[in-house]
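I have placed the structure first, in the form of structure tokens, so that the comments after it can refer back to it.
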Amino acid sequence: MKILVLGSGGREHSIILKLSQSDKVDKIYAIPGNTGISSLAETKNISLTDHKSIIEFVKENIIDLTIVGPENPLTNGIVNDFNNENLLIFGPSKEAAELEASKAFSKGLMNRYGIPTADYKTFNDYDEAKDYLTGQKHPLVVKASGLAAGKGAIVCHRLEDSLKAIKEIMIDRCFKDAGNEVVIEEFMTGEEASIFAISDGNYYKILAPAQDHKAVFDGDKGPNTGGMGSYSPAPMINSDMLSEIERKIIEPTFAAMKNEGRTYKGVLFVGLMITEEGPKVIEYNCRFGDPETQAILPLLDADLFELTMESAKGKFTKNEILPMKDLHSLCLVLTSGGYPNKYFTGYEITGLDKVDAETQIIHAGTKKVEDRILSNGGRVLNVVCLAKSLKDAKDKAYSEADKINFKDKYCRSDIGNKGIKYYEK
Ligand code: AMP
Ligand code: GLY
């Protein structure tokens, strides 16, 4: 079988690495791909907004299945465009991807179907939002309803912060049209986790839960990034909690989408807060998470090609929790110092040849110039290690990361600690 993967990050490299382990996969293509991906797949530079040229490429190369990594092609309707041409693609339609593209839609859906989430109100009018905020208990969270590259949620501890947030979003339009509508919601306390379920439109299959580290500095301090590291499984999600999440959130979400005429196929990513009142949805995404995918896929004891193909064709026969290896996985992200603010790139990366064979080195922002590999982004590389315990996976990932060097290299020193503490309780 010939597979095409769309995207260029660590998530896509990890997906391609897993696909390359399937004996049913003969050839992998990637648009646009990255330096790491190019050793496993044939890469082609086409803009992900150019659906017509992507479809031509799929037809020319007789590609059997296309897998979409990032959210933008999904929310722009690439699945609808493929379906119109009778081409197989893994991912939700534009209508189903609305779960990520519009927080106003997803909050409304949860409200209508009794799916637990933070209480909220939506606003299109700045003055109404301002009046509402005055007198509200803080902290609370102000969110741009549309896609804002992971930056659209602002936790506000005081009234002056929330007033500043709505001004920036609604008047200064810092997230452009994504901020046309604003969601103001209750602040939830608890532990965060990410859970992924693949649906074929009728049934779903759940992957191991993971935890992500969004803030740039140790102790979850500093601004949020795309993700500084992840690990799986997530210890606070034991089998009872997983059943509760399935019953209260996963199953009703897919059922609600079907009922609304927006049947969901592809992977659904649910960002959760495990509160004292039980699990609640922070947000939905219509794609795999980055860097959660890098930690989860090496644990998956199933063929990712078969899962994605069966999802695209609607061939699942039951709901299930997918088999995972009895191991712990940790993904450590190496960044260019200064990220997510100003940073410099173009520095040679050395030591990649010293890393152990079983360690996965996933590329996110690198560039090959002749035979040298250079840093070329905020998030540069991911080091993924598996071990019998989370502590061992962490120690191994950090010792492997020590072998890799480039100017301004930075990583958090505490990835995994929250989970390790849990095991030591
Ligand atoms: P989002 O873009 O909605 O995933 O939010 C980004 C981050 O903001 C989440 O990972 C949480 O850390 C935080 N956050 C969002 N909504 C809430 C909430 N209602 N209560 C507490 N924290 C939140
Ligand atoms: N790790 C969070 C995300 O992929 O949005």
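The values are calculated or read from the model by the stated rules, or taken from the named source; none is laboratory data. Every value quoted in this text rests on a predicted model; they were computed, and no experiment measured them. Virtual Cβ from ideal backbone geometry, glycine too; neighbours counted across all protein chains shown. Protein only, heavy atoms only, side chains kept; ligands, DNA and RNA dropped before computing areas. Shrake-Rupley method; radii C 1.70, N 1.55, O 1.52, S 1.80 Å.
Contact annotation: residue pairs with Cβ atoms under 7 Å, 6 or more positions apart or on different chains, pairing a residue in the stretch 342-358 that is part of a loop (DSSP other than H, G, I, E, B) with a partner that is among the charged types (D, E, K, R), are Y343/D408; F344/D408; Y347/K407; Y347/D408; G351/K403; V355/E400; V355/K403; D356/E400.
Once the stretch 183-203 is narrowed to residues that are out of contact with any Phe, Trp or Tyr (no Cβ under 6 Å at 6 or more places or on another chain) and among the hydroxyl-bearing types (S, T, Y), the residue that is nearest to C156 (Cα to Cα) is T189. Within the option set I274, I296, being part of a helix (DSSP H, G or I), in contact (Cβ under 8 Å) with a residue 24 or more places away in the chain and under 14 Å from Q211 (Cβ atoms) holds for one residue only, I296. Among the residues making up the stretch 369-425, those that are in contact with a strand residue (DSSP E or B) (Cβ under 8 Å, 6 or more places away or on another chain) and among the aromatic types (F, W, Y) are Y398, F406, Y410. Number of residues in the stretch 229-249 that are at positive phi and more than 16 Å from ligand 1 (Cβ to nearest atom): the value is 0. Evaluate the stretch 368-390: report whether one residue or more is open to solvent by 20 Å² or more (accessible area, probe 1.4 Å), small (G, A, S) and under 18 Å from the mean Cα position of the chain (by Cα). Checking the stretch 368-390: not a single residue is open to solvent by 20 Å² or more (accessible area, probe 1.4 Å), small (G, A, S) and under 18 Å from the mean Cα position of the chain (by Cα).
Quick one: how many residues across the stretch 58-85 are of a type in the set (S, T, N, Q) and farther than 25 Å from A364 by Cα? Let's see the steps before the verdict.
Residues of the stretch 58-85 that are of a type in the set (S, T, N, Q), as a first pass: 61, 66, 72, 75-76, 80, 83-84.
From the residues that got through so far, the ones that are farther than 25 Å from A364 by Cα too are 61, 80, 83-84.
Matching residues across the stretch 58-85 total 4.
Against the test of being in contact with a Leu (Cβ under 7 Å, 6 or more places away or on another chain) and among the acidic types (D, E), the options E358, E348, E292 yield a single qualifying residue, E348. How about the stretch 391-425: which of its residues are part of a loop (DSSP other than H, G, I, E, B) and without any contact (Cβ under 8 Å) to a residue 12 or more places away in the chain? The answer is K425, and nothing else.
Residues in the stretch 364-380 that are under 15 Å from P340 (Cα atoms) and either of a type in the set (A, V, I, L, M) or part of a loop (DSSP other than H, G, I, E, B) (or both): A364, G365, N376, G377, G378, V380. Here are the criteria: (1) touching an Asp or Glu at 6+ places or on another chain (Cβ under 8 Å); (2) over 20 Å from R11 (Cα atoms); (3) of a type outside the set (V, I, T); (4) not in a helix (DSSP H, G or I). Tell me which single one L386 does not satisfy. Single failed check for L386: (2). Among all residues of the stretch 90-108, there is at least one that is under 21 Å from P291 (Cβ atoms) and of a type in the set (F, W, Y).
Please go through the stretch 272-287 and give me each residue that is of a type outside the set (S, T, N, Q), within 16 Å of ligand 2 (Cβ to nearest atom) and open to solvent by less than 10 Å² (accessible area, probe 1.4 Å), ordered by number. Even if it seems obvious, please write down each step before you answer.
Applying the first criterion (of a type outside the set (S, T, N, Q)) to the stretch 272-287 yields 272-274, 276-284, 286-287.
Subset that is within 16 Å of ligand 2 (Cβ to nearest atom): 272-273, 281-284, 286-287.
Correct list: L272, V281, Y284, C286.
Taken over the stretch 96-114, the criterion of being within 14 Å of ligand 1 (Cβ to nearest atom) and either closer than 19 Å to S199 by Cβ or of a type in the set (S, T, Y) (or both) is satisfied by L99, E100, A101, S102, F105, S106, M110. Among helices (runs of 4 or more DSSP H) entirely within the stretch 152-270, having at least 2 residues that are among the acidic types (D, E), open to solvent by 30 Å² or more (accessible area, probe 1.4 Å) and without any contact (Cβ under 8 Å) to a residue 24 or more places away in the chain singles out 159-166. No other residue among K318, K342 is open to solvent by 20 Å² or more (accessible area, probe 1.4 Å), among the basic types (K, R) and within 17 Å of R379 (Cβ to Cβ) apart from K342. Kindly provide the set of residues from the stretch 95-140 that are without any contact (Cβ under 8 Å) to a residue 40 or more places away in the chain, open to solvent by 40 Å² or more (accessible area, probe 1.4 Å) and within 21 Å of A255 (Cβ to Cβ), ordered by number. Answer for the stretch 95-140, where residues must be without any contact (Cβ under 8 Å) to a residue 40 or more places away in the chain, open to solvent by 40 Å² or more (accessible area, probe 1.4 Å) and within 21 Å of A255 (Cβ to Cβ): just N111.
Could you check how many residues of the stretch 27-62 are of a type in the set (A, V, I, L, M) and farther than 17 Å from S8 by Cα? Break it down into steps so the answer makes sense when it comes.
Quick first cut of the stretch 27-62, residues of a type in the set (A, V, I, L, M) only: 28, 30-31, 37, 40-41, 46, 48, 54-55, 58, 62.
After this cut, where a residue has to be farther than 17 Å from S8 by Cα as well, the list is 55, 58, 62.
So the count comes out to 3.
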